[in-house]
Amino acid sequence: MSRFWSPVVAGLSPYVPGEQPKLRNLVKLNTNENPYGPSPKVLDAIRAACDDSLRLYPDPGADQLRQAIGRRYGVEPGQVFVGNGSDEVLALAFQALLNHDAPLRFPDITYSFYPVYCGLYRISHETVPLTEDFRIDPADYVPAAVQAGVPTAGKGAGPIILPNPNAPTGRPLALDEIERIVAANPDVVVVVDEAYIDFGGDSAVPLVARHDNLLVVQTLSKSRSLAGLRVGYAIGSAALIDGLDRVKNSFNSYPIDRLAAAGAVAAIEDEDYFQQTCAAVVRTRDALTADLHAFGFQVLPSAANFVFARHPAHDAAQLAAALREQGIIVRHFRHPRIDQFLRISVGTDAECHSLVQALKGILA
């Protein structure tokens, strides 16, 4: 610890991203990247944007991208916010919308950046345990008074952030369950983090028209194959978006560069490619799940581009180490309740076949 650090920095436990090893012939199934490259139209758009205009600052509002997202989801551009990856969008939401007197609420097993943001921005929080089968129970986010029929029950309750599907479990909430939570907490913001929604869940974006306290966050990193481009966005009421803009413009007026904006617009507009690659990931996920079940793994139902699995007779850390020795990297979390699970990203059919063959030998 440096004597020059601020008290905030000294007390931080930073987020640890998935390992990015620089090894040849690696089967990399640990960071939930899309196994398929981006749309060819994205690459064409980025190449076309590589001209003398790079000497100029980008559009601070990223208006063309906001318009493209608005058209895709049937919302006004003023209901769209864009940022440098969904992590930045979430960070700004924590500052602008989730920092209140009452503690922020989120699941005990969830995206591990949430408690990091709470530490960085000094936001009090409380975790809500998942059920025994690792589901988010909507009733746990409905104040008791609301359940008893008192209409003002949400007053005094803190804001909420939920991933849907949840990470690292992959389990989704149905749209009516999301709406139940949002409707029961009308006086606080509910953020639904939809990083993996395109692989099997139902987006909460249609609920924005009925609930001005709902903010839906998505990313181009997963289903649009653009983790390297760093573009995320949020959709919500104009008032929520204005709050995000106020914080963004107090921090960095230009989070989306010219090349990222061009590529992101092309990705949003190429609906056919998006649907094809998502369907391919889902097919491989289902086949991988069946193979893991055949080996005796318990696999949680997944609506994401990864599976969360454990084997009753084999230690997860030892399995991860044995796979690594064969050049296959998966994610193991040393956290209570889930330390016997492996999170396995869905790769190509060939990558998943390599995983299955390796597991066959290890388990034997």
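The values are calculated or read from the model by the stated rules, or taken from the named source; none is laboratory data. This one's a predicted model, so the numbers in the text were calculated from it and none came from an experiment. Note: ideal-geometry Cβ built from the backbone for every residue, glycine included; neighbour counts use all protein chains shown. The protein model used for the area step is the full one, side chains on, heavy atoms only, and it has no ligands, DNA or RNA in it. Shrake-Rupley method; radii C 1.70, N 1.55, O 1.52, S 1.80 Å.
Given the structure, is ARG122 within 24 Å of THR219 (Cβ to Cβ), basic (Lys, Arg) and open to solvent by 60 Å² or more (accessible area, probe 1.4 Å)?
On the way: within 24 Å of THR219 (Cβ to Cβ): no; basic (Lys, Arg): yes; open to solvent by 60 Å² or more (accessible area, probe 1.4 Å): yes.
So ARG122 fails the test.
For the range 87-101, what are the residues that are open to solvent by 20 Å² or more (accessible area, probe 1.4 Å) and farther than 16 Å from GLY232 by Cα?
Once the filter is applied, which keeps residues that are open to solvent by 20 Å² or more (accessible area, probe 1.4 Å) and farther than 16 Å from GLY232 by Cα, the range 87-101 yields GLN95, ALA96, ASN99, HIS100, ASP101.
Taking LYS22 as meeting all but one of (1) of a type in the set (D, E, K, R); (2) surrounded by 12 or more Cβ atoms within 10 Å (Cβ to Cβ); (3) under 26 Å from the mean Cα position of the chain (by Cα), write down the number of the exception.
(2) is the only condition that LYS22 fails.
Test THR348 against the criterion of being farther than 19 Å from ARG171 by Cα, open to solvent by 20 Å² or more (accessible area, probe 1.4 Å) and of a type in the set (Val, Ile, Thr), and give yes or no. Walk me through how you get there before you give the answer.
On the way: farther than 19 Å from ARG171 by Cα: yes; open to solvent by 20 Å² or more (accessible area, probe 1.4 Å): yes; of a type in the set (Val, Ile, Thr): yes.
In short, yes.
Check off (1) open to solvent by less than 80 Å² (accessible area, probe 1.4 Å); (2) within 19 Å of the chain's Cα centre (by Cα) for VAL9 and give me the number that stays unchecked.
Among (1) open to solvent by less than 80 Å² (accessible area, probe 1.4 Å); (2) within 19 Å of the chain's Cα centre (by Cα), the lone unmet condition for VAL9 is (2).
Restricting to the range 36-54, count the residues that are open to solvent by less than 40 Å² (accessible area, probe 1.4 Å) and either β-branched (Val, Ile, Thr) or more than 14 Å from ALA267 (Cβ to Cβ) (or both).
3
Take residues that are within 22 Å of the chain's Cα centre (by Cα) and either under 21 Å from ILE241 (Cβ atoms) or modelled with pLDDT under 95 (or both) and tell me which of the strands (runs of 3 or more DSSP E) falling wholly in the range 62-147 contain 2 or more. Before you say what the answer is, go through the steps one by one.
Values: elements: 80-83, 104-107, 125-128.
Strands (runs of 3 or more DSSP E) meeting the threshold: 80-83.
Please tell me if ASP286 is closer than 25 Å to ARG135 by Cα and not in a helix (DSSP H, G or I). Steps first, please.
On the way: closer than 25 Å to ARG135 by Cα: yes; not in a helix (DSSP H, G or I): no.
No, not satisfied.
Being open to solvent by less than 40 Å² (accessible area, probe 1.4 Å), more than 15 Å from LEU226 (Cβ to Cβ) and in contact with a helix residue (DSSP H, G or I) (Cβ under 8 Å, 6 or more places away or on another chain), is that true of even one residue in the range 78-86? Before you say what the answer is, go through the steps one by one.
Going residue by residue through the range 78-86, those that are open to solvent by less than 40 Å² (accessible area, probe 1.4 Å) are 80-83, 85-86.
This time we only want the ones that are more than 15 Å from LEU226 (Cβ to Cβ), so: 80-81.
Then drop every residue that is not in contact with a helix residue (DSSP H, G or I) (Cβ under 8 Å, 6 or more places away or on another chain), which leaves 80-81.
Checking the range 78-86: at least one residue is open to solvent by less than 40 Å² (accessible area, probe 1.4 Å), more than 15 Å from LEU226 (Cβ to Cβ) and in contact with a helix residue (DSSP H, G or I) (Cβ under 8 Å, 6 or more places away or on another chain).
Could you say which residue among ALA364, ALA322, ALA317 is at pLDDT below 95 and either over 24 Å from the mean Cα position of the chain (by Cα) or surrounded by fewer than 16 Cβ atoms within 10 Å (Cβ to Cβ) (or both)? Spell out the reasoning first.
Numbers: ALA322 fails: at pLDDT below 95; ALA317 fails: at pLDDT below 95.
Answer to the selection: ALA364.
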